[in-house]
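Written out below as structure tokens is the structure these notes cover.
The values are calculated or read from the model by the stated rules, or taken from the named source; none is laboratory data. Because the structure is a prediction, the values reported are computed rather than measured. Don't worry about glycine lacking a Cβ; one is built from the backbone with ideal geometry, like all the others, and counts go over all protein chains shown. These area figures cover heavy atoms from the full protein model, side chains too; ligands, DNA and RNA do not enter into them. Shrake-Rupley method; radii C 1.70, N 1.55, O 1.52, S 1.80 Å.
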Amino acid sequence: MIQMKNVYKKYPNGIVALNGLNVEIEQGEFVYIVGPSGAGKSTFIKMMYREERPSSGQMLVDGIDIATLKNKKVPLLRRQMGVVFQDFKLLPRLNVYENVAFALEVIEESPAKIRERVLNVLDMVGLKHKARMFPDELSGGEQQRISLARSIVNKPKVVIADEPTGNLDPETSWEIMNLLEQINASGTTILMATHNREIVNAMRHRVIAIEGGLIVRDVAGGDYGYEG
Ligand code: ADP
Ligand code: ADP
């Protein structure tokens with residue numbers, strides 16, 4: 001599903017964020033990306049949805065070549081994936097229902113089908129009753145649940161999460177993790193960059209550690225492996 005061969009990324013300021021990354025991730029895997037700040041985790045994640053482009057190397061996501069993909073084809077790529085951020089990135093002027101429906105870029109679907117799909121995912125994250133509320137009326141945990149609902153409304157093959165629990169208290173973080181587990185159990189690949197040692201050590205999945213733009217550890221069911 002995801003293949004990287006010698007992926008190298010140098011930013012215009014000369015910083016080498018990824019220094020020849022090689023990795024393969026199969027459909028349905030749950031993968032944690034760990035490592036110190038500045039290691040290259042966000043760059044790795046941003047490559048997936050073509051927020052950044054590799055400077056050299058080969059990278060395939062679901063058969064799509066990220067390096068050579070034309071800009072006008074990027075929306076097509078992003079329809080195959082859901083993205084979740086630490087700071088939620090909900091649209092403040094849209095209510096919960098509209099935030100989720102907005103992501104549903106299914107032009108052929110009837111309004112009735114879209115409505116069914118949106119209410120379905122809101123129900124899954126337990127927030128159907130808050131469909132008319134606005135993001136600033138919700139707690140952080142609730143906003144992240146909405147952002148998860150938004151990420152899966154298109155039925156993507158992969159959900160990419162960059163520090164999804166970074167702004168949440170421990171209890172709320174576990175709720176988010178349980179939802180990610182559910183999403184993974186239905187066959188969706190999950191790629192999650194995190195600093196949350198407790199979660200990584202408790203919910204065991206493949207751990208890929210990045211340091212200095214290189215994979216230094218790749219273990220199935222591994223532990224977090226860093227202090228603090
Ligand atoms: P992490 O997510 O592990 O903290 P990043 O991928 O954000 O690591 O950063 C890797 C390196 O690339 C760091 O040295 C960072 O300062 C640098 N970097 C990240 N984004 C940019 C950018 N847009 N322009 C220049 N340098 C960047
Ligand atoms: P959590 O502990 O999950 O972060 P909070 O204690 O922040 O939750 O919020 C508890 C409840 O109060 C939630 O159901 C949330 O919808 C509601 N709430 C929080 N902030 C606001 C707000 N600014 N306006 C309206 N309701 C709010």
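Ligands, DNA and RNA are left out, and with a 1.4 angstrom probe the accessible area of the range 142-218 is 37 Å² per residue. Both radii were evaluated on the Cα set of the range 156-226; the Rg over Rh quotient, with Rh as the Kirkwood radius, amounts to 0.95.
Taken about its Cα centre, the range 1-159 carries a charge dipole of roughly 360 debye when the Cβ of each Lys and Arg holds +1 and the Cβ of each Asp and Glu holds -1.
Heavy atoms of the protein chains alone define the surface here; on that basis the range 1-117 has 53 Å² accessible area per residue at 1.4 Å probe size. Taking a ≥ b ≥ c as the square roots of the Cα gyration tensor eigenvalues, with a/c under 1.5 meaning rounded and otherwise prolate when a/b beats b/c, else oblate, which class fits the range 90-178? Prolate, since a/c reaches 1.5 and a/b exceeds b/c.
In the range 41-108, the C-alpha radius of gyration followed by the widest Cα-Cα span (Dmax) gives 13.9, 41 angstrom. Charges on Cβ only, +1 for Lys and Arg, -1 for Asp and Glu, centred on the Cα centroid of the range 124-228; of ILE190, ASN178, VAL153, which one is farthest towards the dipole's positive end? Of ILE190, ASN178, VAL153, it is VAL153. For the range 1-79, a crude dipole built from +1 on the beta carbon of Lys and Arg and -1 on the beta carbon of Asp and Glu, taken about the Cα centre, is about 440 debye to the nearest 20. What a 1.4 Å probe finds exposed on the chain is 49% carbon and sulfur by accessible area, rounded to a whole percent. With loop membership from DSSP and a limit of 15 other Cβ atoms within 10 Å, the longest segment of the chain without GluC sites (Glu not before Pro) is 110-226.
Overall, the anisotropy analysis places the range 74-228 in the prolate class: the square-rooted eigenvalues a ≥ b ≥ c of its C-alpha gyration tensor yield a/c not less than 1.5, with a/b exceeding b/c. Note on the chain: lysine pairs with Cα distance below 17 Å, sequence gap of 8 or more or different chains, count 12.
By DSSP, what percent of the beta bridges with both residues in the chain are antiparallel, rounded to the nearest 5?
Values: 19 of 37 bridges.
Here the antiparallel bridges make up roughly 50 percent for the chain.
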